[in-house]
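Trainee: Here you go, one structure.
Derivation of every value follows stated rules applied to the coordinates shown; laboratory data play no part. Predicted, not measured: the structure shown is a model, and the values here were computed from it. Cβ atoms come from the backbone with ideal geometry, glycine included; neighbour counts cover every protein chain shown.
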Amino acid sequence: MSVLRTTKMGKIKVNMETFNSAEELMKVCNTRAITDDRFLDVKKMDLKHYDGYDGAGVDSYEEALKLLKTGYQPIVDEMKKNAKISLSGEKKRYQFNNQVHGFMPVVPLALKGVPNSMLNMTARTIKTKVIDVYYDMTCPAHVSAKQILENGKNVLRAVMDLETQGYRFNLYAVQTYTDSSACDMLVVKVKSAERPLDIKRISFALAHTAFFRVIGFDWISKTPNGKYRYGYGHYLAVEFKNESKLQQEVKKVFGKNAVYFAGAKMCYKDEEYLKGVLTNESAA
């Protein structure tokens, strides 16, 4: 079951609900009723012809549920086509090269008297740092569905590459429905550091627009103590003028290894920027 708790981040009172998986989120939402008539009822909406929020990325609530269960294949195909690493997040740890000493000779070189005629094996050092990534995909209406998808793909690319270098990640898909004094926060764990990266399984929750503009809108309309706000896309980071202060508050709530990204602020930044932040090579 989900975990409900109330905390504070700076001056913002946070009503937070945490789920261990997207599947758990849907099971819980199906048992709840909408708490305020002003909320959108996404189950009854014709999403195919709904122009608000630059489209939801799906034609129906049922299609969103299907993608949640099966994953978003176009992301998987693109990653497979463009990535220089495998989708399992693994890179070869052992490298073979010619040296003076080794475990077996390279016969043609040995016959020529070349000093480096022995084949040797070296192991690449693997780091074990675990980072907790909280990716907030909440975006205002002017951010396109296409851009939301691209932001999510950049997060996936950065994580994929860093995992091959030995980093390990706990990944959380976050949504923050906020005003100047309070926030309703959805936190869904989509990857554990103990498990290899499964792009297909997490592709929808971490990158697809409908996880925010369909699944998320369903959640906010039903979560206990949730508040109706006119602007669904007003995200937590807007209320923090100082990025360092925001990251400090995130670490207070989620732990010292936590890093928060606001998708709405990533629209012109790529995976190289994200990798820099995650490895402490640049400011968030």
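Trainee: For each of 142, 208, count neighbouring Cβ atoms within 10 Å of the residue's Cβ, then give the residues from fewest to most. Walk me through the numbers on the way to the answer.
Mentor: Details: 142 10, 208 27.
So the residues, fewest neighbours to most, are 142, 208.
Trainee: Next question, about the same structure. Quick one: order 7, 70, 209, 223 by neighbouring beta-carbon count within 10 Å, fewest to most.
Mentor: Values: 7 15, 70 12, 209 26, 223 22.
In increasing order of surrounding Cβ atoms, one gets 70, 7, 223, 209.
Trainee: Select from the range 180-265 those chymotrypsin sites (Phe, Trp or Tyr not before Pro) which occupy a DSSP coil region and have at most 10 other Cβ atoms within 10 Å, ordered by residue number. Working shown, then result.
Mentor: On the way: sites: 204, 211, 212, 217, 219, 228, 230, 232, 235, 240, 254, 260, 261; in loops: 228, 230, 232, 235, 240.
Of the chymotrypsin sites (Phe, Trp or Tyr not before Pro), the ones in loops of the range 180-265 whose Cβ has at most 10 other Cβ atoms within 10 Å are 230.
Trainee: How big is the range 148-284 by Rg and Dmax over its Cα atoms, in Å?
Mentor: When restricted to Cα atoms, the range 148-284 yields Rg and Dmax of 14.9, 43 Å.
Trainee: For 1, 26, what's the fewest-to-most ordering of other Cβ within 10 Å of each Cβ? Show your work: numbers first, answer last.
Mentor: On the way: 1 8, 26 17.
With the fewest neighbours first, 1, 26 line up as 1, 26.
Trainee: So how far apart, in nm, are the two label points at residue 144 and residue 227 if each is 7 Å from Cα heading toward Cβ?
Mentor: The answer from the label model is 3.4 nm.
Trainee: Restricting things to alpha carbons, find the Rg to Rh ratio for the range 223-284 using the Kirkwood radius for Rh. Please report the intermediate quantities before stating the final value.
Mentor: Working: Rg = 13.6 Å, Rh = 13.4 Å.
Ratio value, two decimals: 1.02.
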